[in-house]
Amino acid sequence: MLALAFCNELLAADGLSFRDQCQQIRSLGYDGIELAPGALGINPLNATDAEILSIRREISAAGLHLTGLHWLLAPFRDLSVTLSSSRQETIDALKRLNSLCAALGGSVMVHGSPQQRVIKAGDYAAGYSNACEVFKPVAEHASELGLTYCIEPLDPGQTAFINTVEQGIELCEAVGNPSFVTMIDTSSAHFSEEKPVAALMKEWLPDPRIGHIHLNDSNRGGPGMGSDPFGDIVEAIVESGWPKTVTIEPFRVQENATNTARIGIETIRKHEKLQMTT
């Protein structure tokens with residue numbers, strides 16, 4: 001069966017302590033947790049050794065593993081990978097988040113953060129060039145720490161910078177570091193890609209340039225909260241032999257975050273079982 005993780009920010013928004021977040025995720029049957037730096041209740045750029053140890057202990061005590069960090073720059077409105085005016089500050093922040101991920105025992109950095117990659121049509125070339133200059137030292141630092149750094153293609157409703165897997169691959173080639181890869185987010189892919197998401201999976205998995213998968217419905221809920229064909233998506237992932245943890249990342253809840261997490265994992269497990277019986 002697929003190893004599944006759940007993102008913590010909706011549970012944090014429901015007021016659960018980090019300990020309760022971890023225990024709730026594990027009690028629902030998840031294997032891992034993915035953390036949003038802005039939902040940890042600490043300053044993620046200056047986390048103390050004690051804070052890091054506390055987070056690690058709660059994850060371990062719940063029987064979970066940490067996939068890594070996502071929503072990296074969301075708490076930092078003045079930073080941007082596409083604007084030269086904040087280039088060095090953005091590089092410094094991302095390196096600090098790399099270090100935090102490694103210290104917490106994670107292995108994957110997911111770079112979505114659409115508000116910190118705004119790019120205008122007339123400024124696209126300059127913005128793209130600046131992003132390369134940001135990501136080159138960040139990727140080198142991630143590589144030194146043993147991390148995989150993923151640029152997340154997002155749909156055009158969120159950003160004009162890197163919408164498709166092919167565009168993600170092009171950026172990876174421009175950055176030129178094997179630790180800098182791209183990924184698939186099923187919600188964004190639904191709107192960005194010409195092919196259905198399951199067909200996209202069959203095309204790209206398992207390609208070493210695809211470093212992570214986020215599962216979410218195109219309506220921004222978790223799997224099972226909309227009408228997206230997760231049976232086909234799960235089949236494509238399983239048939240590819242995907243060896244890594246897959247993260248469920250909803251942006252809205254059904255009743256509450258715990259129920260949302262339950263619906264997500266039950267939906268994926270149901271389709272896995274159906275596949276095994278056919």
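Label separation (S17 vs S129): 5.3 nm, computed from points 7 Å beyond Cα along the C-beta direction. Rounded to the nearest 5, the antiparallel percentage of DSSP beta bridges internal to the chain is 5%.
Longest stretch of the chain clear of exposed loop sites (trypsin sites (Lys or Arg not before Pro), DSSP loop, at most 13 other Cβ atoms within 10 Å, sites excluded): 121-219. Is the C-alpha gyration tensor of the stretch 2-123 telling us rounded, prolate or oblate? Criteria: a/c under 1.5 is rounded; beyond that, a/b larger than b/c is prolate, otherwise oblate. Taking the square roots of the gyration eigenvalues as a ≥ b ≥ c, the stretch 2-123 is prolate. Segment A174..N259, full-extension length gain: 26.4 nm, with 0.36 nm per residue of separation and the alpha-carbon distance subtracted. From the square roots a ≥ b ≥ c of the eigenvalues of the alpha-carbon gyration tensor of the stretch 4-276, which class results: rounded (a/c under 1.5), prolate (a/b over b/c), or oblate? Taking the square roots of the gyration eigenvalues as a ≥ b ≥ c, the stretch 4-276 is oblate. Rounded to the nearest 20 debye, the dipole magnitude of the chain is 460 debye, with +1 charges on Lys and Arg beta carbons, -1 on Asp and Glu beta carbons, and the Cα centre as origin. Pairs of Cα atoms nearer than 8 Å and 6+ residues apart set the relative contact order; for the chain it is 18 percent. Taking the chain as a Gaussian network of alpha-carbon nodes connected by springs under 10 Å, the highest mean-square fluctuation of the residues I55, I210, I184 belongs to I55. Compared with the direct C-alpha span, the chain from A61 to R252 gains 66.0 nm at full extension, assuming 0.36 nm per residue.
For the stretch 4-276, lysine pairs separated by 8 or more sequence positions, or belonging to different chains, with Cα-Cα distances below 20 Å total 5. Computed over the stretch 188-257, the range of Cα coordinates on each principal axis works out to 36, 25, 19 Å, biggest value leading. Applying 0.36 nm per residue to the separation of D207 and D78 and subtracting their alpha-carbon distance, the gain on full extension is 43.0 nm. Top mean-square fluctuation among L11, L40, L215, Gaussian network model of the chain, C-alpha springs under 10 Å? It is L40.
No value in this document is a laboratory result; all are computed from the given coordinates. Remember, it's a predicted structure, so these values are computed and weren't measured experimentally. No Cβ is skipped: glycine too gets one built from the backbone with ideal geometry, and neighbour counts run over all protein chains shown.
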